[in-house]
Amino acid sequence: MSTGLLAVVALLLAGLFVHDRWISRDNVLRNFPVVGHLRYLIMAIGPELRQYVVAGNNEELPFDRDEREWIYRSADGGNNYSGFGTDDQILSIGYPVIKHAAFAHGNVAFSGSAHDEDQELPSARILGETHDRPKSWRPPSIVNVSAMSYGALGANATEALNRGAKLAGCWHNTGEGGISPHHLHGADLVFQVGTGYFGCRDAEGAFSMDRLFETLGRAPTVRAIEIKLSQGAKPGKGGVLPGSKVTEEIARIRGVRPFEDCISPNGHRAFSDVRGLVDFVESIASATGLPVGIKSAVGKIEFWPELAREMKSTGRGPDWITIDGGEGGTGAAPFVFADHVSLPFRVAFPRVYRAFLGEGMADRVAWIASAKLGFADRAIVAFCLGADLVNVAREAMLSVGCIQAQKCHTGHCPTGVATNDPRYQHGLIPEVQAERFARYLRSLRNELLAVTHACGYEHPSEFTADDVEVSTGAARFQSLRELEGYTPARPARPRARVEA
């Protein structure tokens, strides 16, 4: 190193020392000038250090190394098996065990990977059937892409998921941020209407049916509409897309001003009670002919039996209900909301389902489950509790390149998934990652089907609450029926794989 360069480095360090010691307001830097910055460097790369060096296979959250590796290997089309037996603590409280049958279904053997012949696994329910919607629709896949808005996800990630959903034959929920050009690469869409009414709002931010029709006119692949009451990441909070992320394109799509914070209120202006919600659902369904559902996290339970009673007495209401667990997390959120507001899926779903069972309405609505369910074991627990379909979000992000850096809220996602920064988006090639998502989804469906056959069934909709037992401690297991007091009430019809 030349003398001149050494002098420059020494001058910079001296300047930093002076700043830290006498100008900085940070305790550590004032007491430990210059070297104190090492603390913040280590903190900044802490998630990466733990992920690659420190943590064991089952220690990290929200997705541990085993879970991420299964998604990555599935998305790559590689070997997603594991060797030498399980390293799970199978007697730990809450651990689920799926009970296989002595005689498996059919005479079909496949590995449960993306290399298998593509297995059709359509929904057993037709969305809109019970309310005779003119455009009722049977989803061709029981696993689909959950709501993630363009803006929260970057353009390339949104395009990759849409292209991948087209390849895998599943739907792509737009999230509440409106329908962008990046959603229009051929996949079926579920258009989500949130509290900000983005894509269907007037100049004052109120819901506009005319704007809804304009948006639908530009998006012929919309097959259904979902009203978002809340989401697991931040229920009752609303949302903010920082002005730095509100590009002119995003502002145009959402109907807001560019480079200003884009606010989703914490509640709807179009309704404020159960009857108003039902009226809102029916007004959209009547105008468009499309099936219309609702999505919500679960807190106070009184809303749900009231909704069931209103639907029972009027014969009106949502065609499906998506229950989002409090462990959901694609949206950036304050710690208290992320950690402590709304019930986890395993508690939330049975409470709502029982409320509808009590009114004899559980089989009059389709049920969609959402909350870290992008693995066959967890999805099967959801089906045993009464779910008809499963949505995946962060698992989909992982399949298109997310490394769980946990920088979604900063605009500096290193893999270009949760950012619109061109520097980072450069790394995400939509056509490549679309193939990876499609392989992940096929692997998940095939593994679901392999376990379904092992349990003696043809389709996951046949699972009951007796098919899974859960560890309750001291080497004791109880079935979901014993724990929750019910088994799903499903409408009588030919099994979906036969009917389809």
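The values are calculated or read from the model by the stated rules, or taken from the named source; none is laboratory data. Keep in mind that this is a model prediction, so the values were computed, not measured. Please note: Cβ atoms are built from the backbone with ideal geometry, for glycine as well, and neighbour counts cover all protein chains shown.
Kindly evaluate L161 against the criterion of being in the same structural domain as A371 (by TED's automatic domain parsing), over 14 Å from the mean Cα position of the chain (by Cα) and crowded, with 24+ Cβ neighbours inside 10 Å. Answer is no for this residue.
Taking the stretch 361-407 as the range and being among the charged types (D, E, K, R), under 21 Å from F437 (Cβ atoms) and part of a helix (DSSP H, G or I) as the test, the residues that pass are D377, R378, R394, E395.
Results for (1) in contact (Cβ under 8 Å) with a residue 40 or more places away in the chain; (2) in a loop (DSSP other than H, G, I, E, B); (3) closer than 18 Å to G169 by Cα, shown as yes or no for each residue.
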{"site": "G411", "(1), (2), (3)": "yes, yes, no"}
{"site": "S443", "(1), (2), (3)": "yes, no, yes"}
{"site": "E458", "(1), (2), (3)": "yes, yes, no"}
{"site": "R481", "(1), (2), (3)": "no, no, no"}
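The residue list V432, V468, V390 contains one member that is farther than 22 Å from N80 by Cα and either without any contact (Cβ under 8 Å) to a residue 40 or more places away in the chain or not aromatic (F, W, Y) (or both), which is V468. Taken across the stretch 44-53, residues that are surrounded by 12 or more Cβ atoms within 10 Å (Cβ to Cβ) and either closer than 18 Å to R378 by Cα or at pLDDT 80 or above (or both) do not occur at all.
Quick check, is V190 in a strand (DSSP E or B) and crowded, with 22+ Cβ neighbours inside 10 Å? Yes; evaluated as a whole, the condition is true for this residue. Out of E59, E69, one residue alone is outside the structural domain of E395 (by TED's automatic domain parsing) and at pLDDT below 70. It is E59. All of (1) modelled with pLDDT under 95; (2) assigned to a loop (DSSP other than H, G, I, E, B) hold for R423 with one exception: (2).
Restricting attention to the stretch 164-186, the residues that are free of Cβ contacts under 8 Å to residues at least 40 places away in the same chain and surrounded by 24 or more Cβ atoms within 10 Å (Cβ to Cβ) add up to 4.
When the stretch 275-333 is filtered for residues that are among the acidic types (D, E) and modelled with pLDDT of 95 or more, the ones remaining, listed by number, are D279, E282, E302, E306, E310, D319.
Of the residues making up the stretch 16-25, at least one is of a type outside the set (K, R), surrounded by 13 or more Cβ atoms within 10 Å (Cβ to Cβ) and not in a helix (DSSP H, G or I).
P460 meets the conditions (1) touching a helix residue (DSSP H, G or I) at 6+ places or on another chain (Cβ under 7 Å); (2) at positive phi in every case but one. The failed one is (2). For the structure I just gave you, tell me whether E431 is exposed (fewer than 15 other Cβ atoms within 10 Å of the Cβ) and under 14 Å from E159 (Cβ atoms). Judged against the criteria, E431 is a match.
Looking at the stretch 238-259, can you tell me whether even one residue there is assigned by TED's automatic domain parsing to the domain that holds V278, among the aromatic types (F, W, Y) and in contact with a strand residue (DSSP E or B) (Cβ under 7 Å, 6 or more places away or on another chain)? No, there is no match, as no residue in the stretch 238-259 is assigned by TED's automatic domain parsing to the domain that holds V278, among the aromatic types (F, W, Y) and in contact with a strand residue (DSSP E or B) (Cβ under 7 Å, 6 or more places away or on another chain). Per the listing A387, A396, A371, the residue uniquely within 18 Å of the chain's Cα centre (by Cα), crowded, with 23+ Cβ neighbours inside 10 Å, among the small types (G, A, S) and on the phi > 0 side of the Ramachandran plot is A371. Suppose the filter is buried (at least 22 other Cβ atoms within 10 Å of the Cβ) and either within 30 Å of H412 (Cα to Cα) or over 21 Å from the mean Cα position of the chain (by Cα) (or both); does L480 pass it? Yes: the conditions hold for L480.
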